[in-house]
Amino acid sequence: MNTQTLTTLAGRIAGQLIRPTDASFDEARKVWNGMIDRRPGLIVRPAGVDDVIAAVNFAQDEALAISVRGGGHHAAGGAVNDGGLVIDLSELRNVTYDPASQTARAQGGALLKDLDGATLPHGRAVPTGVFGETGIAGLTLGGGYGWQSRLRGLTCDNLIGAEVVTADGKLLRAGESENPELLWALRGGGQNLGVVTSFEYQTHPMPPEVFLTFAAYPLTEAKQVLTKLQAFVATAPRELGVIAVIWTFPASEPFPEAIWNQQFIGIAGPYIGPVDEGERAAQPLREMGTVLFDMSQPMPFGVVQTFFDEEYPKGRRYYWRSSYLQELNEEALDKIVDLGSRRPSPLTSLDLWFLGGAIGDIGLNDTPIAHRGAPLLAGIESNWDDPADDAVNVAWAREVFTALEPHSTGGSYVNFEDSNDPARVAAVYGPNHQRLTEIKRKYDPDNRFGSRRG
């Protein structure tokens with residue numbers, strides 16, 4: 001890319017053009033995961049859709065690979081590439097709510113907390129994830145599990161329209177009646193189809209407060225707790241979101257000093273409905289063993305959405321894997337408890353998302369997302385700070401993934417996945433992979449958007 005070429009591009013956009021020689025380049029190329037250290041050839045930070053189109057056309061002319069940065073929150077760091085063009089949507093975070101249609105429209109750089117900030121004041125919410133700093137783009141395009149999933153499905157199931165700049169520089173509307181095959185692909189399989197500049201979602205009622213459960217038990221009781229929990233969730237109301245987590249208490253408030261640095265099995269999740277109903281429904285979750293700590297209480301849903309944010313700061317080192325599980329039988333439980341007890345970092349967690357409900361109401365071929373019938377999703381989250389500990393933490397996550405394979409449906413969740421291996425990608429989408437591949441060929445035949453996630 002010569003100086004004249006870059007000068008021409010700079011004259012075509014209203015936003016920022018960040019070159020490797022610019023003082024702001026090193027900060028601009030950073031993402032949430034501190035392990036990611038990639039050096040793109042150029043970063044464009046658009047001020048609007050016209051800038052996105054100009055950037056895509058430039059990449060075509062210069063034969064550059066494109067990666068798209070929404071929130072930059074994915075553990076694999078696909079928001080940035082080496083040597084190509086990064087289209088950074090971080091300045092495009094506007095979200096609007098339409099009371100008449102009860103829908104929300106969000107620009108491609110919006111975060112979950114931006115979406116909640118626009119909808120919750122109206123008593124409405126979009127089913128999203130569990131971290132306020134997550135980008136809505138990557139979350140939606142990869143599926144979107146969260147606290148509301150058992151009641152209202154995944155984030156992608158609530159996507160009703162989108163605007164996309166495709167590899168040929170065209171701005172397309174994807175909806176039920178216009179480019180419906182593109183909308184189908186964007187509902188969980190759209191990480192590399194183009195630049196989604198806006199998303200339109202159906203919203204749902206959300207009370208001012210919900211009852212959040214957070215109860216912790218000794219790790220020595222984990223097998224007992226998980227056995228009870230699996231039986232409980234099988235008949236639990238869909239309003240109840242549930243995650244079990246093997247973790248270590250931080251040496252800080254609000255945890256009592258007596259349990260600092262102690263490993264535990266915790267149960268967390270809100271009841272999406274009236275607080276009194278939620279407290280009654282969640283009571284068994286608070287009685288499954290010897291309680292070490294219980295901070296279950298009513299709180300605004302916006303607070304619930306950022307409950308874990310402090311434990312996942314930008315710049316920490318992350319290596320994540322995932323696996324859909326068929327059940328927690330005796331063998332699987334023994335492996336989970338053993339591997340959970342051998343986490344090499346106290347920041348690392350081994351999570352079990354209890355699924356079911358509305359997730360399985362969507363037909364297998366209605367979206368790209370496969371494995372909708374799986375009752376559980378294991379989130380294998382290696383989190384640590386010191387680069388010297390990279391090898392041991394990555395090895396642990398891979399060991400857990402391998403150990404759980406005999407209990408897996410064969411698939412994993414792309415938003416918790418580090419791999420672009422073709423076999424793993426095919427397993428993610430199962431019988432929908434071929435259709436998704438054909439749509440990819442139509443909208444990005446030269447694989448300009450080779451990076452899978454942002």
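The values are calculated or read from the model by the stated rules, or taken from the named source; none is laboratory data. It should be emphasised that the depicted structure is a prediction, and the values quoted were computed from it without experimental measurement. Note that each Cβ is placed from the backbone with ideal geometry, even for glycine, and that neighbours are counted across all protein chains shown. Surface areas here come from the heavy atoms of the whole protein model, side chains and all, with no ligands, DNA or RNA. Shrake-Rupley method; radii C 1.70, N 1.55, O 1.52, S 1.80 Å.
The table below lists the values:
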item: Test: Asp114 is without any contact (Cβ under 8 Å) to a residue 12 or more places away in the chain and in contact with a strand residue (DSSP E or B) (Cβ under 8 Å, 6 or more places away or on another chain); result: no
item: Matching residues in region 289-310 - criterion: being closer than 29 Å to Val126 by Cβ and assigned to a strand (DSSP E or B); result: Gln297, Pro298, Met299, Pro300
item: Selected residue [out of contact with any Pro (no Cβ under 7 Å at 6 or more places or on another chain), open to solvent by less than 40 Å² (accessible area, probe 1.4 Å) and not in a loop (DSSP other than H, G, I, E, B)] from Leu339, Leu328; result: Leu339
item: Tally, over region 65-95, of residues that are aliphatic (A, V, I, L, M) and in contact with a Lys or Arg (Cβ under 8 Å, 6 or more places away or on another chain); result: 9
item: Qualifying residue in region 268-288 (condition: more than 22 Å from the chain's Cα centre (by Cα), in a strand (DSSP E or B) and over 25 Å from Trp396 (Cβ atoms)); result: no
item: Selection status of Gly135, surrounded by 24 or more Cβ atoms within 10 Å (Cβ to Cβ), within 24 Å of Pro208 (Cβ to Cβ) and touching a Leu at 6+ places or on another chain (Cβ under 7 Å); result: no
item: Pair list, Cβ under 8 Å, 6 or more apart: region 37-50 residue free of Cβ contacts under 8 Å to residues at least 60 places away in the same chain, other residue of a type in the set (Ser, Thr, Tyr) and part of a loop (DSSP other than H, G, I, E, B); result: Arg45/Ser90
item: Conditions (1) at positive phi; (2) open to solvent by 70 Å² or more (accessible area, probe 1.4 Å): number failed by Thr402; result: (1)
item: Residue check, Ala222 of a type in the set (Gly, Ala, Ser), in a helix (DSSP H, G or I), open to solvent by less than 20 Å² (accessible area, probe 1.4 Å) and in contact with a strand residue (DSSP E or B) (Cβ under 9 Å, 6 or more places away or on another chain); result: yes
item: Selection status of Gly169, under 29 Å from Phe307 (Cα atoms) and either without any contact (Cβ under 8 Å) to a residue 60 or more places away in the chain or small (Gly, Ala, Ser) (or both); result: no
item: Candidates Arg435, Arg448 - the one that is among the basic types (Lys, Arg) and either part of a loop (DSSP other than H, G, I, E, B) or at pLDDT below 95 (or both); result: Arg448
item: Scan of region 374-391 for residues that are of a type in the set (Gly, Ala, Ser) and touching a strand residue (DSSP E or B) at 6+ places or on another chain (Cβ under 9 Å), ordered by number; result: Ala374, Ala378, Gly379, Ser382
item: Those residues of region 79-110 which are more than 22 Å from Asp26 (Cβ to Cβ), in contact (Cβ under 8 Å) with a residue 24 or more places away in the chain and open to solvent by 70 Å² or more (accessible area, probe 1.4 Å), in sequence order; result: Gln102, Arg105
item: Odd one out for Gly72, checked against (1) open to solvent by less than 30 Å² (accessible area, probe 1.4 Å); (2) on the phi < 0 side of the Ramachandran plot; result: (2)
item: Region 21-36 residues that are over 16 Å from Val68 (Cα atoms), paired with ones that are of a type in the set (Gly, Ala, Ser) and open to solvent by 30 Å² or more (accessible area, probe 1.4 Å) (beta carbon under 6 Å, 6 or more apart); result: Gly34/Gly315
item: Matching helices (runs of 4 or more DSSP H) fully within region 1-89 where at least 3 residues are under 25 Å from Gly142 (Cβ atoms); result: 49-62
item: Residue in region 138-159 that is under 26 Å from Ala59 (Cα atoms), surrounded by fewer than 22 Cβ atoms within 10 Å (Cβ to Cβ) and either modelled with pLDDT of 95 or more or out of contact with any Asp or Glu (no Cβ under 8 Å at 6 or more places or on another chain) (or both) present; result: no
item: Residue list for region 225-259, restricted to those being open to solvent by 60 Å² or more (accessible area, probe 1.4 Å), among the β-branched types (Val, Ile, Thr) and in a helix (DSSP H, G or I); result: Thr227
item: Qualifying residue in region 362-376 (condition: under 15 Å from the mean Cα position of the chain (by Cα) and among the β-branched types (Val, Ile, Thr)); result: yes
item: Qualifying residue in region 10-31 (condition: surrounded by 19 or more Cβ atoms within 10 Å (Cβ to Cβ), within 30 Å of Ala388 (Cα to Cα) and of a type outside the set (Gly, Ala, Ser)); result: yes
item: Residue tally, condition touching a strand residue (DSSP E or B) at 6+ places or on another chain (Cβ under 6 Å), open to solvent by 20 Å² or more (accessible area, probe 1.4 Å) and among the small types (Gly, Ala, Ser), over region 406-438; result: 0
